[in-house]
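In what follows, a structure is listed as C-alpha cells, so that the remarks can point back to it.
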Amino acid sequence: MKVAVFSAKPYDKRFFDAALEEKKQQASASATTGNIELIYHDFALSEDTVFLAQGADAVCVFVNDGVPAAVVEALADEGVKAILLRCAGFNNVALDVAERRGLLVANVPSYSPEAVAEFAVTLIQTLNRNTHRAYNRVREGNFALDGLLGRTLHGKTVGIVGTGKIGVATGRILKGFGCRVLAADPYPSPAFADVGEYRTLDELLPECDIVSLHCPLMDATRHIINEATLAKMKPRAILVNTSRGALLDTRAVIKALKTKHLGGLALDVYEAEGSLFYDDHSGEIIQDDVLMRLMTFPNVVVCGHQAFFTEEALKEIAECTLRNLDEYAEKGTCANSLTDSIKKKGKGPLPVRNV
Ligand code: NAI
C-alpha cells in the first residue's frame, strides 16, 4: 500500500513513522499495515501537484490541502482509492465527487478536543490580560502597566457557537473559571446540559462578553459572523475563532474593531490562510493586506492554526489515520468514512499492490 502524504512537515513524519513502526511491531499487525509505504511530500496537494499521487493507493492530506472536484477526479483517474484526512474538518474536499467516483474519504473525527478547547481558552486569556503585549514590553525593560488592563473572567458570560466535542470542552473549562456559559447550536447536545444553557444565536450575541466559535465551516455557517451579527454583539465583547477562518467576514470584523464596537479578536484560523500558514514567510513581503491590517491592532491576536498542535493530538492523528487505512483495506469500509455509500455498503477488500 503506497500512501502519498502531502503537506508533510518534520513533526508529521516523526509521528507517522513512529505510529507505523509501532504497528508493524505489534504481533497483531495486519498484512496491510506491514505493507504500508509512506511517501512524504512537504508541499500541498493541488491541481499542480496531484500527478505525484500516481501509483499511490491513498493520499493523506491536512487542512490546507486543496481537494476540489478537479483534484478528486484526477485522483480517481490515477487509481487512488482513498483520501485520508489527518484532521476533523473536511470543508476542503469535494465529498460529492468522491462519492460519485467511489473514493473513500475518512477523517480523524476526534484527536484531542481538549487540546483545541485549551487553546481557545489560552487565546481568550492572552487577549483579555494582554500577555502578548506584556511579553514584548518586559523584554525591552518596560514594566509599565498602562494599556495592559484586563477584565476578571469570573462572572462573565461566554457564548459558545457549536456545542460539539470542542465547544462542550471549551464550555466546561470556562465554567471552571466561574463564567456563565451560553451556547447556540441547531442540534443541542445532552453533553452541554451540565455546562450551560442554549439560546438562539440572535439571543446569545447581545448577552455575551466573549463569543467563541466551534461550529464547522459549511454553506450555512460561512460568514456567520458578519456586519449584522457583529452589530448584535455586546459592545467591547471579545471574539475568538479556533474553528475555520471563513466563519468570519474578516473585512466586517476589521470595521467593528476600528469603531471599537468589538473589544478584541483572537484567531487561530484565517479565511485566506492556505497560502501562508504552516510555512515561514518572515523574509518575504506578505501580500495579504487584510491579514496585515488585522495584525496592526493591539487587541488582535493571530496564531497560525496551531490549536490542535500537541504531542497527544499528533500521536492520535497518525494512529487513527493508519487505523482508517487498515480498516478500509481489510473490510472495504471504515467507521470514519465521510463518503456515505462506502460507509454503508463497503466495497470489499482492496487489492494490495506490491511495493
Ligand atoms: P463537532 O462535529 O463535534 O461539532 C460541531 C458542532 O457544530 C455540532 O454540534 C453542530 O451541530 C454544530 N453546528 C453546526 N452548524 C451550526 C450552526 N449553524 N451554528 C452553531 N452550531 C452549529 O466538531 P468539533 O470536533 O467540536 O470541531 C469543531 C470545529 O473545530 C471543526 O469543524 C474544525 O473546523 C475546528 N477544528 C479546529 C482545529 C484547530 O487546530 N484550530 C482542530 C480541530 C478542529
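The values are calculated or read from the model by the stated rules, or taken from the named source; none is laboratory data. Computed from a prediction, not measured in an experiment: that's the story for all the values here. Backbone-built Cβ (ideal geometry, glycine too); neighbour counts: all protein chains shown. Just the protein is used for accessible areas: all its heavy atoms, side chains included, with ligands, DNA and RNA removed. Shrake-Rupley method; radii C 1.70, N 1.55, O 1.52, S 1.80 Å.
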Check: Tally time: how many residues in region 54-74 are away from the ligand (no atom under 16 Å from the Cβ), open to solvent by less than 10 Å² (accessible area, probe 1.4 Å) and under 24 Å from the mean Cα position of the chain (by Cα)?
Finding: 5
Margin query: Quick check on region 173-197: of everything there that is more than 10 Å from the ligand (Cβ to nearest atom) and either in contact with a Leu (Cβ under 8 Å, 6 or more places away or on another chain) or over 23 Å from E118 (Cα atoms) (or both), which residue is most open to solvent (accessible area, probe 1.4 Å)?
Written below: E197
Notebook entry, point to check: Which residues, taken from region 142-192, are within 25 Å of A313 (Cβ to Cβ), more than 21 Å from the chain's Cα centre (by Cα) and basic (K, R)?
Noted result: K175
Margin query: Go through region 256-305 and report how many residues are acidic (D, E) and in contact (Cβ under 8 Å) with a residue 12 or more places away in the chain.
Written below: 4
Note to self: Is it the case, given these coordinates, that F119 is modelled with pLDDT under 95 and either of a type outside the set (S, T, N, Q) or open to solvent by 30 Å² or more (accessible area, probe 1.4 Å) (or both)?
What the structure shows: no
Next item on the list: Looking only at region 211-225, decide whether some residue is farther than 14 Å from V161 by Cα and more than 12 Å from the ligand (Cβ to nearest atom).
Entry: no
Item checked: F143 surrounded by 14 or more Cβ atoms within 10 Å (Cβ to Cβ) and either part of a loop (DSSP other than H, G, I, E, B) or of a type in the set (F, W, Y) (or both) -> no
Check: Restricting attention to region 287-305, and to residues there that are assigned to a loop (DSSP other than H, G, I, E, B) and open to solvent by 50 Å² or more (accessible area, probe 1.4 Å), which single residue is nearest to D42 (Cα to Cα)?
Finding: Q287
Next item on the list: Starting from residues that are more than 10 Å from the ligand (Cβ to nearest atom) and in contact (Cβ under 8 Å) with a residue 40 or more places away in the chain, keep the ones in region 226-245 and report whichever is surrounded by the fewest Cβ atoms within 10 Å (Cβ to Cβ).
Entry: I238
Check: If you take the residues in region 77-88 that are more than 17 Å from A8 (Cα to Cα) and open to solvent by less than 20 Å² (accessible area, probe 1.4 Å), which one is farthest from the ligand (Cβ to nearest atom)?
Finding: V80
Next item on the list: Tell me which of these T157 doesn't satisfy, since it passes every other one: (1) within 16 Å of the ligand (Cβ to nearest atom); (2) open to solvent by less than 20 Å² (accessible area, probe 1.4 Å); (3) touching an Asp or Glu at 6+ places or on another chain (Cβ under 6 Å).
Entry: (1)
Check: Considering only region 102-131, how many residues are within 16 Å of the ligand (Cβ to nearest atom), of a type outside the set (V, I, T) and part of a loop (DSSP other than H, G, I, E, B)?
Finding: 5
Notebook entry, point to check: Taking into account only those residues within region 254-266 that are open to solvent by less than 50 Å² (accessible area, probe 1.4 Å) and more than 16 Å from N226 (Cβ to Cβ), which is nearest to the ligand (Cβ to nearest atom)?
Noted result: A266
Check: Just to be sure, is A134 within 16 Å of the ligand (Cβ to nearest atom) and either in contact with a Lys or Arg (Cβ under 9 Å, 6 or more places away or on another chain) or of a type outside the set (V, I, T) (or both)?
Finding: no
